[in-house]
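Worksheet: the structure to be examined is printed underneath.
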Amino acid sequence: MGIVSGLVLFAVIWSMTFLIALPIRVQTQGDAGEVVPGTHAGAPEQHHLGRKALWTTLVAAIIWAISATIILSGWISVADIEGWLHPNAAPTHGTDG
């Protein structure tokens with residue numbers, strides 16, 4: 001895995017983790033009892049984006065480190081995954097022709 005591949009993997013993991021973290025501990029305007037005219041009661045009043053971004057970065061770094069370790073060590077390869085998904089397919093490596 002190259003540097004760019006590692007950065008892309010981290011960006012994807014960070015984005016997915018952030019989307020999971022967004023709805024956690026959101027206080028809506030309806031919950032606070034102060035709905036601004038013209039907005040929905042479900043609009044966020046307190047969203048804590050800074051904390052969520054920090055926690056997302058920490059969790060994504062841990063997940064990325066585990067994923068990078070597995071990829072770089074060769075514990076699981078693309079051929080292994082293809083073998084799990086298509087167990088009856090002919091092997092694609094080792095052919096001379």
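Some points to look at:
- Acute angle (nearest 10 degrees) that the helix 3-21 long axis makes with the longest principal axis of the chain, alpha-carbon atoms: 40 degrees
- Portion, in percent, of the accessible area of the range 1-77 that falls on carbon or sulfur, probe 1.4 Å: 72 percent
- Formal net charge of residues neighbouring A32 (Cβ-Cβ distance under 15 Å; K, R +1; D, E -1): -2
- Measuring r between the beta carbons of S67 and H47 and using R0 = 35 Å, the FRET efficiency lands at 0.80.
- If you plug the beta carbon distance of L58 and V78 into 1/(1 + (r/R0)^6) with R0 = 22 Å, you get a FRET efficiency near 0.15.
- Solvent-accessible area per residue for the range 23-86 (1.4 angstrom probe, square angstrom): 75 Å²
- If you take all other residues with their beta carbon under 15 Å from the beta carbon of A89, and give Lys and Arg +1 and Asp and Glu -1, the sum is -2.
- Label of the coordinate-derived value, Rg and Dmax of the Cα atoms in Å, listed as (i) 22.1, 94; (ii) 30.9, 97; (iii) 21.5, 72: (iii)
The values are calculated or read from the model by the stated rules, or taken from the named source; none is laboratory data. These numbers were taken from a predicted model, which means no experiment stands behind them. Positions of Cβ are generated from backbone atoms using ideal geometry, with glycine treated the same way; all protein chains shown enter the neighbour counts. When the accessible area is computed, the model is the full protein with side chains, heavy atoms only, and any ligands, DNA or RNA have been set aside. Shrake-Rupley method; radii C 1.70, N 1.55, O 1.52, S 1.80 Å.
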